[in-house]
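Worksheet: the structure to be examined is printed underneath.
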Amino acid sequence: MRTTTKTILVADDDRTTRTLVAQMLRNEGYRVEQADCGEACLVTALERDVDGFLVDVKMPGLGGIELCRRLRGIAKYKHTPIIFVTSADEGEKLEEVFAAGADDFISKPVSAVILQARLSGHLERLEYLLEVERVRENMSRYVSTRTQRMVEAYAITGRAPEPEEREVCALFSDVRGFTALSQRLDPKTLFVNLSRQLGMQVDTVYHYGGYIDKFAGDGIMAVFDMPERAEMACRCALEILRCCGPAQPDSLEDFQLGIGIHAGTVLIGNIGSEGHLDYSVIGESVNVAARLCASATPGTILVSDAVTQMAGTVDGIEFSERRALELRGIREPVGAHTVSQKETVAG
């Protein structure tokens, strides 16, 4: 007898069939729950975790087809194998059975060999789906949702998407005095606190509808591509400065950020070789945002004319007077403004 931790629920109003099928399953090492009607099956499914269902089509009260629909409506059973056990005169019901969400059917009298083959196959398929979902969830911690979608499309079509131009706001952040901190603090303390700082920035970016293109050493590069991207990028930057203060004031009093934002056209696509690709954003607009970040003094946000013009007048946000900045690697001076939280006047 095989050993397994899987629990199978057998729903059949015929006691003889139910008992026979349950014994076949126990012989294969499954744990078995039994229900003599659809209502009892549904109650058991809600109270316990079931790995697979064997369901009779015709049962008094809540029939097998409606039971299947209701099980599929329960989040944890969205992909759980549901196999119908049918008699010869129920063949005309198969279309309804599959429309209700069934995975398979077995004809009566039930063969132990067929039962095990069908059930184990569907359970293995479920394990594969769950593994794919776990990989997808873990991948989201390392790459953006857009990169995931590109990778999935590439896996299906075998073709990498062509580079495309897009209008975005690029946001760069950078820790000021990081080199001095790295010399003063032990690597583990520095790593833990930097990770916490970056984690808060990432959460803030996603909260305001952006996504992380990459981590750039001790900072981030974020992209905002929605219609209100200039406003959202500015609100995000202000929130980052507000919430990403020193994690440990006694040892990280100099852990301050500079932020730069620019709006413009970029090229999004794959960079690298077949062996190693980076799906990223490039272009002069990205370079301007990075240079603005480098020019921002600790605790300040520098944005370009393009950002202020796109944002316009925004509640709660104030832009300073324009000043022209010479940015390294940029041909023409860039009009720049600092961003601050607008003070509200009481009364």
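Laboratory data are not the source of any read-out in this text; all were calculated from the coordinates shown. Quick caveat: nothing in here was measured; it's all calculated off a predicted structure. Here the Cβ positions follow ideal geometry from the backbone for every residue, glycine too, while neighbour counts run over all protein chains shown.
So what is the relative contact order for segment 293-341, in percent, with contacts set as C-alpha pairs under 8 Å and at least six apart? If you can, show how the numbers build up before the last one.
On the way: 63 pairs, mean separation 21.3, N = 49.
Averaging sequence separation for qualifying contacts and normalising by length gives 43 percent for segment 293-341.
Is it possible to state the helix-based mean residue ellipticity at 222 nm for the chain, with each DSSP H run of 4+ residues giving -39500 (n - 2.57), the sum divided by total residues, to the nearest 500 deg cm²/dmol? What is it? Calculated mean residue ellipticity at 222 nm is -13000 deg cm²/dmol. Put in order of Cβ neighbour count within 10 Å, fewest first, the listed residues THR265, THR313 become THR313, THR265. Largest GNM mean-square fluctuation among ILE261, ILE74, ILE282, using the chain with Cα springs under 10 Å: ILE74.
In straight-distance terms, cross-link reach from LYS93 covers every one of the aspartates and glutamates whose alpha-carbon lies under 13 Å from its own, apart from those fewer than eight places away in the same chain; here that gives ASP56, GLU66, ASP104.
The stretch between SER107 and GLU95 holds 2.8 nm of extra length on full extension. This uses 0.36 nm per residue minus the Cα-Cα distance.
Compute the distance in nm between two label points, each set 7 Å from the Cα along the Cα-to-Cβ direction, one at VAL43 and one at ASP305. Each label point is offset 7 Å from its Cα along the Cβ direction, giving 7.5 nm.
Taking the number of Cβ atoms within 10 Å of each Cβ as an exposure proxy, the fewest-first ranking of LYS93, LYS76, LYS108 is LYS76, LYS108, LYS93. Taking other C-beta atoms within 10 angstrom as a stand-in for reagent exposure, PHE172, PHE98, PHE224 fall in the order PHE98, PHE224, PHE172, fewest first. Rounded, prolate or oblate: which fits segment 162-341, taking a ≥ b ≥ c as square roots of the Cα gyration tensor eigenvalues, rounded meaning a/c under 1.5, else prolate when a/b beats b/c? Judged from the Cα gyration tensor, segment 162-341 comes out oblate (a/c at least 1.5, b/c at or above a/b).
Once you order the gyration tensor axes a ≥ b ≥ c over the Cα atoms, which shape class does segment 7-139 get: rounded for a/c under 1.5, otherwise prolate or oblate by comparing a/b with b/c? Cα axes put segment 7-139 in the prolate bin. Residues in segment 117-135 near a label at GLN23, defined as backbone nitrogen under 20 Å from the 7 Å Cα→Cβ point? Output list for this probe position: 117. Under a 10 Å cutoff between Cα atoms, tell me which one of ALA237, ALA222, ALA153 has the largest fluctuation in the Gaussian network model of the chain. Among ALA237, ALA222, ALA153, the largest GNM mean-square fluctuation belongs to ALA153. Between ASN270, ASN27, ASN193, the residue with the greatest mean-square fluctuation in the GNM of the chain (Cα pairs under 10 Å linked by springs) is ASN27. Which shape class applies to the chain: rounded if a/c is under 1.5, otherwise prolate when a/b exceeds b/c and oblate if not, where a ≥ b ≥ c are the square roots of the Cα gyration tensor eigenvalues? Prolate shape, in that a/c is at least 1.5 and a/b is the bigger ratio.
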